[in-house]
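Encoded as structure tokens, the structure appears first; notes follow it.
The values are calculated or read from the model by the stated rules, or taken from the named source; none is laboratory data. In this text the structure is predicted, and so the values were computed from the model without any measurement. Methodologically, a virtual Cβ is constructed for each residue, glycine included, from the backbone with ideal geometry; neighbour enumeration extends over all protein chains shown.
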């Protein structure tokens, strides 16, 4: 790595520590969730946060936007939400001087650096598709014209796992667009006491910005330049390939428990997430341990357990952990 890249690694490590310290003013615990969200941001990706109501998912995203000094919009997804409510629409504008009429595009809430798609499964597939198209293409097409979304641009969507009635779960092909499926779990007893005291006491001070838009764009470029050894590429490739039931490389328990395995986007995201994680920890190299550390949020929405797995209470996370135990983390794979 060049000297400027080494400086960027150190900058990101310090910035991550400062961001976590700022977030701790309003968020108790959730260190793993915060790290995974930061990895998504510094890899120019999107993330899905899954957890029951009341676990500060919305507060986390809005607070993160403040610490990163980025524009923030929240879209509350409802069954009657239309695609134009997200992307924007053309309206007729009348010039007061000439009385000439012309179409003018009014931008929707998607035009922000960080977009919170709250309860994304509450809206019909047509609106979900418009949202996910913007995520993938990073532009909006209205009236035959393309409108680029701001840089940097991230979508952090939330989903309630206990709600089934009146919802439209995202299809696997659309879930695959998210780099991470992040599980937001209940706090520990100690954390819950701290949350109670914080929520019922004096309001905390305003969060201070840590990184600017340009800083984030520069760090994203540095993440892509991070070198990766061949055996680490092979390790990430193996994690994805051994899940495919019809592959000759499939592991026996994957063939038994999975209907579908992970596609190429899984192995790509394993490497990208491992690069960002290494930088967040101040490393100038990417190891197999970094790939293994991000495997759960990358894989849990990309492998589909079959009926046999469900009847035995085996989850996608259980299968991924078993894969990591089965694959050696060294050059033997190459």
**Asked** If only one of 37, 33, 28, 61 is closer than 30 Å to residue 170 by Cα and either modelled with pLDDT under 80 or not in a helix (DSSP H, G or I) (or both), which one is it?
**Response** 28
**Asked** Taking the stretch 238-272 on its own, how many of its residues are closer than 24 Å to residue 174 by Cα and either in contact with a strand residue (DSSP E or B) (Cβ under 7 Å, 6 or more places away or on another chain) or buried (at least 18 other Cβ atoms within 10 Å of the Cβ) (or both)?
**Response** 21
**Asked** Is it the case that the stretch 83-101 has a residue that's surrounded by 16 or more Cβ atoms within 10 Å (Cβ to Cβ) and either within 18 Å of the chain's Cα centre (by Cα) or within 30 Å of residue 12 (Cβ to Cβ) (or both)?
**Response** no
**Prompt:** Restricting to the stretch 117-146, what's the tally of residues that are in contact (Cβ under 8 Å) with a residue 40 or more places away in the chain and surrounded by fewer than 17 Cβ atoms within 10 Å (Cβ to Cβ)?
**Reply:** 7
**Asked** Only one of 243, 320 is at pLDDT 90 or above and either part of a loop (DSSP other than H, G, I, E, B) or assigned by TED's automatic domain parsing to the domain that holds residue 178 (or both); which?
**Response** 243
**Selection from the stretch 284-313 of residues that are within 12 Å of residue 235 (Cα to Cα) and assigned to a helix (DSSP H, G or I)** = 288, 289, 290, 291, 292, 295
